[in-house]
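A short write-up of the structure that comes next.
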Amino acid sequence: MKNASSIGGVREISQHGPKADIEVQNVSKRFGSDADGLLALSNINLCVPTGAFATIIGQSGCGKTTLLRMIAGLEPPTYGVVKVGGQVVQGTSWERGMVFQEPRLFPWFTVARNVRLGMPDRGHNQEAVTGLLRLVGLEDFGTAFPRELSGGMAQRVALARALAGSPRVLLLDEPLGALDAVTRMRMQQELLKIWQDRQLTIVAVTHDLDEAILLSTQIVVLSERPGRIKKVIPVDLPYPRNRLTGEFNVFRQELMGMLL
Ligand SMILES: Nc1ncnc2c1ncn2[C@@H]1O[C@H](COP(=O)(O)OP(=O)(O)OP(=O)(O)O)[C@@H](O)[C@H]1O
Ligand SMILES: [Mg+2]
């Protein structure tokens, strides 16, 4: 892994054995029976160091969500083991926040109440809720209901709810997928800021190659189903990254070559 000290202002990740925050060891996942089940992931070995921003890319159905769900503790591996902070993952934890592919808000609760549900104490700290809503640009929508939000706004509430538990590890399943191009670019910058300010380890799924290069310290490319790791590409460009540069294009070409 690249020494991240060159990555403008981002935490130091030593070249000599960064502590692995997330370790996926020999993990396979089969849904259904051995005989006629579906093998979603096959023999995944992955190490995401503390403070890294990993993105996972790969075709629809290759097992990206399944991999995130196993790191979250929502799904057990069929074979192998997932560790976070050296501990075997068994069930969910406040340490690991997740934003799902769809916002999954409670329709009968206000936006603020939905965010409060992400807090271990169910959010008696009103200031913290307001701060989170401000962070995702929704400070004026605390009393609104999910039906009154656009898809992108709902997704931002889901991000605020995931951050509400003060996680150390943030798992994002296409969190910016429902956003328009301008909001998406703004949220990409916000995500980088949140990652740096809160010293998070992030694993994010995206279908957008530019987004993967823009955000991550490492890009994990999965093969078609059953998902296997094709390659882990360290991205050693300094932040903030500029998608118009030649070096950015080198990564873009490598990824396109692997996926097309
Ligand atoms: N609970 C489940 N039961 C049975 N099969 C499942 C289950 N969850 C996922 N699968 C199957 O596992 C495979 C991987 O699914 P997964 O949702 O992880 O893909 P993905 O890479 O996230 O796809 P997309 O990019 O479309 O979101 C798919 O073939 C899917 O049908
Ligand atoms: Mg998915």
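Here, each number is a calculation from the coordinates, and none is a lab measurement. It should be emphasised that the depicted structure is a prediction, and the values quoted were computed from it without experimental measurement. Cβ sites come from the backbone with ideal geometry, for glycine too, and all protein chains shown count toward neighbours.
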message: Please list log₁₀ I(q)/I(0) at q = 0.07, 0.08, 0.12, 0.17 Å⁻¹ for the chain, using the Debye equation with identical point scatterers on the alpha-carbon positions.
response: -0.24, -0.31, -0.72, -1.39
message: Around LEU176, under 11 Å between beta carbons, what's the net of Lys plus Arg minus Asp minus Glu among the other residues?
response: -3
- request: Only loop residues by DSSP count here, and only those with at most 16 other Cβ atoms within 10 Å; note down the trypsin sites (Lys or Arg not before Pro) in segment 161-260 that meet that.
  value: ARG198, ARG243
query: With Cβ to Cβ distances under 11 Å as the rule, what net charge do the other residues near THR78 carry (K, R +1; D, E -1)?
result: 0
- line: Contour minus Cα-Cα span, LYS83 to ARG198, at 0.36 nm per residue, comes to 39.3 nm
message: Compute a Gaussian network model of the chain, connecting alpha carbons closer than 10 Å, and tell me which residue from ILE57, ILE229, ILE194 fluctuates the most.
response: ILE194
